[in-house]
1. With θ set to phi - 60° and the Karplus curve 6.51 cos²θ - 1.76 cosθ + 1.60, what are the ³J(HN,Hα) couplings of region 39-45 in order, to the nearest whole Hz, using x for Gly and Pro?
2. Each label point is 7 Å from the Cα along the Cα-to-Cβ direction; what then is the distance between the points at residue 42 and residue 147, in nm?
3. Expressed in nm to one decimal, what extension gain is obtained for the pair residue 207 and residue 118 from 0.36 nm per residue of sequence separation less their Cα-Cα distance?
4. What full-extension length gain, to one decimal in nm, is calculated for residue 57 and residue 216 as 0.36 nm per residue of separation minus the Cα-Cα distance?
5. Report the gain in length on full extension from residue 49 to residue 69: 0.36 nm times residue separation, minus Cα-Cα distance, nm rounded to one decimal.
Amino acid sequence: MKDDTMTRCRFRTIFAALLLALSLALSSGGVAAEPKAVLLSAEDRADIARAEEYLNAITTLKARFLQTSPNGVSVEGDAYLSRPGRLRLQYDPPSPLLVVADGTFLIVHDRELGSPSYIPLGSTPAGILVQPNLRLTGGAVTVTRVVRLPGVVRISAVETEDSASGEITLVFSDRPFELRQWQVRDAQHQVTTVSLFESRSGLPLDAKLFKFVDPNMTKSPLNLN
């Protein structure tokens, strides 16, 4: 039971870092609710279009990230993205977590818990992040509000089919228009913040970053010594 509790907590942390805390595995069990219709101005729609164009233009990306959980605990790591379909979150030690999206599965490996978990990529929030044509309106995600502050554009959205599961706010710098941070509010209204820094896009990335080799499968079952 203790291991199950640890697994659920870590899944919540991982999926927050992947932009949306809307995984079926972490569902609150409530009745799905359609998001309320919001009136978006022409300026709102222009900023949403800028966000979609920016995100879809990314082919590869490497960045450091700082993730702050609702309890105030922070952890850093390296994020690698190769669109479509591939992502790697390498948490700094002493965190035991590694997350790899290989184009088919989202693989979550906790070295302390042992066996990795394989989740179909299309059924996870990571599937939205690495899909070939990311859409913030008219698809899996619905924008709830757009807020403009000096030098900053904030776009908040929910899962279209279950808005009660949580909300994500993408924070962009205005000039240049770049993703700087995201904040995830889950079904329990707990907020996780992820900030990007040292971000570089368009870099060649080693394909091995997005391949996961289960260390349990490489161990010999026999003791030959």
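Bear in mind that the values in this text are calculations on the coordinates, not laboratory data. Quantities reported herein were computed from a predicted structural model and do not represent experimental measurements. As a convention, Cβ positions derive from the backbone with ideal geometry for all residues, glycine included, and neighbour counts pool all protein chains shown.
1. Couplings: 8, 9, 6, 4, 5, 4, 5 Hz.
2. 2.6
3. Values: separation 89, 0.36 × 89 = 32.04 nm, distance 1.91 nm.
Stretched fully, the residue 207-residue 118 segment lengthens by 30.1 nm.
4. Working: separation 159, 0.36 × 159 = 57.24 nm, distance 3.74 nm.
Extra length available between residue 57 and residue 216 comes to 53.5 nm.
5. Working: separation 20, 0.36 × 20 = 7.20 nm, distance 2.96 nm.
Full extension of this stretch gives 4.2 nm more.
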